[in-house]
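> Here it is, the structure in full.
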Amino acid sequence: MRRGMISAALVLVLFGALVPASAGGPTPAKAGEPAPAKAGGLAKTPALPGPAASDEGMYPLSELKKLDLRSKGLAIDPEDIFAPDRPSLIFAIVSVGATGSFVSGDGLFVTNHHVAFGAVQAASTTQHDYLTNGFLARTRGEEIQAKGMTARITETFQDVSREVLSAVTPNLALADRTKAIEKRMKEIVADAEKKNPGKRAEVSEMFIGKTYVLFLYTYLKDIRIVYVPPRSIGEFGGETDNWMWPRHTGDFSFLRAYVGPDGSPADFGPKNVPFKPKRFLKVNPAGVKEGDFMFLLGYPGRTFRHYTASYLAYEESLRMPYVAEWYGWQIALMEKMGEKDAGVALALASRIKGLANAMKNYQGKLKGMKKIGIVDRKKAEERDLQKYIEADAKRRAAFGDVLAGIDKVYAENRVRAEYEMVLEYLRSSVNLFNFGWTAFEAAAELKKPDLERDAAYMDRNWAQTKQRLQLAQRNYHEPTDKAIFKELLLRALRLKGSFRIKAVDDLFKADASENAVDAYIAKAYAASKLATEPALTDLLKKTPDEIRSAKDPFVELAAALYPAYQELKEAQKARKGALDTLFARLSDAKEAFLGKNFIPDANGTLRLTYGRIKGYSPADAVYYKPFTTLAGVLDKTTGQPPFNTPSKLFDLYKARDFGRFAHPDLKDVPVCMLYDADTTGGNSGSPVLNAQGELVGVNFDRTYDATINDYAWSEDYSRSIAVDIRYVLWVTQKFGGAGFLLEEMGIR
Ligand code: ASP
């Protein structure tokens, strides 16, 4: 590609998901001009026969009508995917933090092993270690509570942008602007929940500062574990294989949602009955083959495709390296702590997994960003946009300052970043301080009217907040907590100039040596009662006066740090206030420049994406085929975790006991598969559906090259990974001995 010229294809990638530009956009690359550069030298994937099905885009329900999915390969009526007045496929999709999908009329749903991991850990002890050995409930009565899990089903949605933005009055200070919007969103939610008893409402920001949608959800609170394979299958390959291909992980689990005897959502209880979903997925045990059309429904968390070069540069050079380093530090600590004690290893397993998953994702993204030179590309794109803006006086007046304004916000953010991260991690990574902080903040928040409280303390969320603390308390390990606290205090003591943290300085006024930090920590942990259940529960009920007189060292620290956290909150709200207006205008400018129909970045709401079952070429002379097989599992097996495999799997393989689940060409059970749909974190557990809308796989990951999806999607490198339905069913039936679940799914 010639310097200074942006190809149309590249514009699509960089400007975010965009339906092909119409009039007003930049001149597309002409025939005969050099093809657009491939992402960082990733080789072009050989073309597949059939309709070109793949495209960037995590489409919200409101945009589905604009998609001609039939021409891409869909064989069913698109209204069967979503029509508000029909029991369409979307009613089979649940948000469980990540995603799951109903596969029976009795509330049975499938998601990933890693999605249920925390709940399985919480149900495990060293005597009954379901994480290591797996778990199967042979009867409904044996199903165990998935603590901390809830499930939401999208029922309706409605654009409320005007209502939300009408809360903004002229001359509001930036932080107040954010507060006014937040308050209005809470009012809309409260009103919707009042009008729809039993439903959960959420207002989600779609385009930053510009569009807002009210979603109504059925909200299920009694979730139980039905079947999880042992960790040696569900997490086969562990962190070594995470974000990698070829992959051989049986990353699935079955859970069941329950409701009260009257059919309405209820907390966990013995009289509850299985939930009857409006729709469940038909499971197709024949799976898919290379080149087939596929689509996927799920709840992708966040993407940043509409963000600017200054944001990406901030992420690349500052925030992500810091976070990856900090997570790596904690993982090394926790692994060491668990080395000699299985109980400690179990208690820390879920945290280690979460940290390691994010750390490797960040490393992959950082590598990808450099490889495709994303910051420079975005800069070039922004120069073109600026030129377009400058070319017309009206446009200049409307948008001339937008990009510079955003750059300024991120420049200011950079200066504060380390200070803010140390403060945030103190509060989130140190268990006892997290408990003390929450108790202290709760006392202040709970006395306010409900709608004025921070979200975690509102009546609708408070029970969950408390449950989160209780689960953290179960996994509490004092030596680990102390070491993390010490490291963060030392980091705080190294902050410079105006970003010193006064409350921390005050603690070590006389002596800021490591010994003094050790002595303070030893004293604080000896004096605090927050590690014990009754003390914490008791503290969470106190008034501001009572809590101060409790004299817990971590509550005292919370009180001392309160002004710093208040300032942090204000600064974050002011930043959001500034970016809201700037991004809303940027979006208008881009619409004018490129034509309309952007797709909003992922934001945890229900989306559809589609593509084809397809391999790719990650490097020169290397081609990744789209299926792995059971033979590959056995090849990779070393006998040592994470590459240990239960001997029963070997026996079944030797006997070639594949049942009906062998791939016709591979003559083996397919384990995982690749496709080029547009996914991100949160799509874990998303059903992979064939052209008929039948379940053929369970999405769980992306390849290392595709970690950069959050910033840019490309047909060349964006590949997601699912566990093939044939492996799910084969393991469940042949290995797990749970053929009755297949029967429940209608597979005989
Ligand atoms: N593994 C991811 C998740 O946990 C899925 C992804 O990021 O592609 O949601």
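> What's the number of the condition Thr537 fails, among (1) of a type in the set (Ser, Thr, Tyr); (2) modelled with pLDDT of 95 or more; (3) part of a helix (DSSP H, G or I)?
Failing condition for Thr537: (2).
> Which of the residues belonging to region 241-275 are closer than 21 Å to Gly736 by Cβ and outside any loop (DSSP other than H, G, I, E, B)? Can you show your working first?
Keep residues of region 241-275 that are closer than 21 Å to Gly736 by Cβ, which gives 247-257, 274.
Within region 241-275, Ser253, Phe254, Leu255, Arg256, Ala257, Pro274 meet the criteria.
> Separate question: With region 624-722 as the region, which strands (runs of 3 or more DSSP E) entirely inside it contain at least 2 residues that are over 19 Å from the mean Cα position of the chain (by Cα) and within 24 Å of Gln363 (Cα to Cα)?
Numbers: elements: 627-629, 670-675, 687-689, 695-702.
It comes to 670-675.
> Restricting attention to region 602-623, which residues are part of a loop (DSSP other than H, G, I, E, B) and out of contact with any helix residue (DSSP H, G or I) (no Cβ under 9 Å at 6 or more places or on another chain)? Step through it out loud before you land on a result.
Of all residues in region 602-623, those part of a loop (DSSP other than H, G, I, E, B) come to 602-606, 614-615, 620-621.
Those that are part of a loop (DSSP other than H, G, I, E, B) and out of contact with any helix residue (DSSP H, G or I) (no Cβ under 9 Å at 6 or more places or on another chain): Asn603, Gly604, Lys614, Gly615, Ala621.
> I need the full set of residues from region 42-65 which are more than 22 Å from Ser714 (Cβ to Cβ) and modelled with pLDDT under 90, in order please. It would help to see each step written out before you state the result.
Taking region 42-65 first, the residues more than 22 Å from Ser714 (Cβ to Cβ) are 61-62, 64-65.
Answer for region 42-65, where residues must be more than 22 Å from Ser714 (Cβ to Cβ) and modelled with pLDDT under 90: just Lys65.
> Picking from Arg396, Arg305, Arg319, which residue would you name as being within 16 Å of the ligand (Cβ to nearest atom) and either in a loop (DSSP other than H, G, I, E, B) or surrounded by fewer than 21 Cβ atoms within 10 Å (Cβ to Cβ) (or both)? It would help to see each step written out before you state the result.
Values: Arg396 fails: within 16 Å of the ligand (Cβ to nearest atom); Arg319 fails: within 16 Å of the ligand (Cβ to nearest atom).
Exactly one of Arg396, Arg305, Arg319 is within 16 Å of the ligand (Cβ to nearest atom) and either in a loop (DSSP other than H, G, I, E, B) or surrounded by fewer than 21 Cβ atoms within 10 Å (Cβ to Cβ) (or both), namely Arg305.
> Between Ile181, Ile153, which is in a helix (DSSP H, G or I), open to solvent by less than 30 Å² (accessible area, probe 1.4 Å) and either under 27 Å from Asp588 (Cα atoms) or of a type outside the set (Lys, Arg) (or both)? Show your work before the answer.
On the way: Ile153 fails: in a helix (DSSP H, G or I).
Answer to the check: Ile181.
> Anything in region 491-519 that is surrounded by 13 or more Cβ atoms within 10 Å (Cβ to Cβ) and within 21 Å of Thr438 (Cα to Cα)? List them, or say none.
Residues satisfying the conditions are Ala492, Ile501, Ala503, Val504, Leu507.
> Can you confirm whether Ala706 is within 30 Å of Ala602 (Cα to Cα) and within 16 Å of the ligand (Cβ to nearest atom)?
Numbers: within 30 Å of Ala602 (Cα to Cα): yes; within 16 Å of the ligand (Cβ to nearest atom): yes.
Judged against the criteria, Ala706 is a match.
> Here's a follow-up. Looking at (1) more than 30 Å from Val669 (Cα to Cα); (2) more than 14 Å from the ligand (Cβ to nearest atom); (3) buried (at least 20 other Cβ atoms within 10 Å of the Cβ), can you tell me which one Gly328 breaks?
In the conditions (1) more than 30 Å from Val669 (Cα to Cα); (2) more than 14 Å from the ligand (Cβ to nearest atom); (3) buried (at least 20 other Cβ atoms within 10 Å of the Cβ), Gly328 misses (3) alone.
> I've got another one for you. Given the criteria touching a residue at least 24 places away in the same chain (Cβ under 8 Å), more than 17 Å from Pro641 (Cα to Cα), in a helix (DSSP H, G or I) and within 16 Å of the ligand (Cβ to nearest atom), does Met359 qualify? Steps first, please.
Numbers: touching a residue at least 24 places away in the same chain (Cβ under 8 Å): yes; more than 17 Å from Pro641 (Cα to Cα): yes; in a helix (DSSP H, G or I): yes; within 16 Å of the ligand (Cβ to nearest atom): yes.
Spelling it out, Met359 is indeed touching a residue at least 24 places away in the same chain (Cβ under 8 Å), more than 17 Å from Pro641 (Cα to Cα), in a helix (DSSP H, G or I) and within 16 Å of the ligand (Cβ to nearest atom).
> Then there is this: Pairs needed: first member in region 112-125, over 13 Å from Lys353 (Cβ atoms) and within 12 Å of the ligand (Cβ to nearest atom); second member anywhere, open to solvent by 30 Å² or more (accessible area, probe 1.4 Å) and of a type outside the set (Ser, Thr, Tyr); C-beta distance under 6 Å; at least 6 residues apart or different chains.
Every condition considered, no pair remains.
> Could we say that Gly739 is of a type in the set (Gly, Ala, Ser) and more than 14 Å from the ligand (Cβ to nearest atom) here?
Values: of a type in the set (Gly, Ala, Ser): yes; more than 14 Å from the ligand (Cβ to nearest atom): yes.
Answer is yes for this residue.
> Also: List pairs: first in region 180-191 and touching a residue at least 40 places away in the same chain (Cβ under 8 Å), second open to solvent by 40 Å² or more (accessible area, probe 1.4 Å) and assigned to a helix (DSSP H, G or I), Cβ under 6 Å, 6+ apart or cross-chain?
Lys186/Leu451
The values are calculated or read from the model by the stated rules, or taken from the named source; none is laboratory data. Source: prediction; values computed, not measured. Backbone-built Cβ (ideal geometry, glycine too); neighbour counts: all protein chains shown. All accessible areas refer to the heavy atoms of the entire protein, side chains included, with ligands and DNA or RNA removed. Shrake-Rupley method; radii C 1.70, N 1.55, O 1.52, S 1.80 Å.
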